[in-house]
1. For region 35-110, give me every one of the helices (runs of 4 or more DSSP H) that falls completely inside it and has 1 or more residues that are closer than 22 Å to Gly355 by Cβ and free of Cβ contacts under 8 Å to residues at least 12 places away in the same chain.
2. Residues that are away from the ligand (no atom under 16 Å from the Cβ) and farther than 29 Å from Met375 by Cα, at least 3 per element: which strands (runs of 3 or more DSSP E) completely within region 281-354 meet that?
3. Pairs only if they're at least six apart or on different chains, beta carbon under 8 angstrom, first in region 334-362 and of a type in the set (Gly, Ala, Ser), second assigned to a loop (DSSP other than H, G, I, E, B) and away from the ligand (no atom under 12 Å from the Cβ); list them, first residue then second.
4. Taking region 118-127 only, how many residues are within 14 Å of the ligand (Cβ to nearest atom) and not hydroxyl-bearing (Ser, Thr, Tyr)?
5. Of the residues that make up region 230-253, is at least one within 21 Å of Ser318 (Cα to Cα) and either modelled with pLDDT of 90 or more or aliphatic (A, V, I, L, M) (or both)?
6. Is it the case, given these coordinates, that Arg288 is over 27 Å from Ala323 (Cβ atoms), modelled with pLDDT of 55 or more and crowded, with 21+ Cβ neighbours inside 10 Å?
7. Please find, among Pro351, Pro410, Pro361, the residue that is over 30 Å from Val195 (Cα atoms), touching a Phe, Trp or Tyr at 6+ places or on another chain (Cβ under 8 Å) and surrounded by fewer than 20 Cβ atoms within 10 Å (Cβ to Cβ).
Amino acid sequence: MADKIYIDDGKIVVSDNPLIPFIEGDGIGPDITRAMLYVVDETVKRVYNGKRKIHWLEIYAGEKAMEKMHNPLPEETVSSIKEHIVAIKGPLTTPVGKGFRSLNVTLRKVLDLYACVRPVKYINGTPSPMKEPEHVDVVIFRENTEDVYAGIEFVYNSKEAQEIRDFFKKLGVNIRDDAGIGIKPISKSGTQRLVRKAIQYAINQKRKSVTFVHKGNIMKFTEGAFKDWGYEVATQDFRDYIITEDELYDWVKDDDGVTPVKRDGAFKELRGGREPGNPGNRIVVKDRIADQMFQQMLLRPDEYDVIALPNLNGDYLSDAVAAQVGGLGMAPGANIGDYIALFEATHGTAPKYAGLDKVNPGSLILSAVMMLEYMGWIEAALGIKKGMERAIEERHVTYDLARQMEGVVPIKTSEFARAIVERI
Ligand code: NAP
């Protein structure tokens, strides 16, 4: 008998037989979903000696939904995800044509999945352009609902664009007559719920720091406000768990040369921190300007841990950091709201490889690892991570990684899945 996952007193409750919906996805979706389901089922069976089992429920979106229900995103699909709390999906083609929004963006919006969470960590043996990729170990929390992604745009020659230009003229602001106009809303509530999630994650996972990345030096009331509202949440809601970087600079070593103390005594209760420079082993909250952060992630990646940032910068930074550890084929992701979590491969449908049993299922399998962690099935998550690490170290990899390694014959999607399971 399968049970629905539910929330009780703010906590997720998962039985030994949870029912979890999945969307197969378009293009390479069926190939990588098949591999992911096989790896998860086999791992769960082995790790828990048959005591636990996921009962999968296929739900439809994209091309398969068009075929079966003549609607790329049926209402049943959205309500099923809401009802089951946790779901996982392959990539979906964005229908081409005017008026169609990306199905992925629509899903995030209708389910209010405001945090796009992407852990990026190097897996031994993966080819990487970095000299020391093992120093990259970050978890990115990208705001998912606001910023220029809100989709408020007006074509340059529209009536609306003209009205907006006229309005700004009254405020003494001149916008060129041939300018298209986009709006960048960033709200206090939208920012603070994301930052709260990032800091709570850092506390739960015992991470060292949370960095707000923003372009507040130029866009003061959107990106700059993101930073200020972030610090507000950190210092008001998490005072006992965090120390800001500015506060940290105020710390000096005590007479013993080791114990950090604060000069003015305001933080006396923090004395006795185990590491000099990190009083009380608190999470250090800091911020960086976005352009400089791209440099930092290349030059000093080990100084960064959890990263919280607005939508557009988050989009850029997550892909750039993923490239540092071997590219998008290996980068997992999740879109998370207050409780509902939709785990997904971060790459697209790569249609030219559809049905060839060729591509790397790593991204979707690692997204399933995140899902197992979210459910509290830590042992199974660890089992898959170990299996995958060993398979890659032993050079059993798909074409995308093989082409960056010398003398490696690529294996198929399904063979990579088997290689993982054999090494759990
Ligand atoms: P893409 O599907 O991610 O593919 C771009 C390239 O990335 C592929 O040609 C391949 O490179 C590499 N790649 C992607 N997935 C891979 C995997 N699993 N293993 C190995 N290599 C992989 O991007 P796209 O061509 O721009 O987009 C195609 C469609 O996907 C569009 O309709 C887009 O809207 C959609 N999309 C969906 C999502 C989503 O559902 N979340 C995200 C992004 C895009 P090589 O050719 O070099 O081997």
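1. Helices (runs of 4 or more DSSP H) meeting the threshold: 63-69.
2. 283-289
3. That search, which allows pairs on different chains as well, returns Gly337/Leu111; Gly337/Asp112; Gly337/Leu113; Gly337/Tyr114; Ala341/Ile85; Ala341/Leu113.
4. 2
5. Checked against the condition, which is being within 21 Å of Ser318 (Cα to Cα) and either modelled with pLDDT of 90 or more or aliphatic (A, V, I, L, M) (or both), region 230-253 yields at least one hit.
6. Taking the combined requirement at face value, the residue does not satisfy it.
7. Checking each option against the conditions leaves just Pro410.
Table: residues versus (1) in contact with a Lys or Arg (Cβ under 9 Å, 6 or more places away or on another chain); (2) in contact (Cβ under 8 Å) with a residue 60 or more places away in the chain; (3) buried (at least 21 other Cβ atoms within 10 Å of the Cβ).
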| position | (1), (2), (3) |
| --- | --- |
| Asp137 | yes, yes, no |
| Glu160 | no, no, no |
| Gly180 | no, no, no |
| Val210 | yes, yes, yes |
| Val213 | yes, yes, yes |
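The values are calculated or read from the model by the stated rules, or taken from the named source; none is laboratory data. None of the values given here were measured: they were computed from a predicted structure. Every residue, glycine among them, receives a Cβ derived from its backbone with ideal geometry; neighbour counts consider all protein chains shown.
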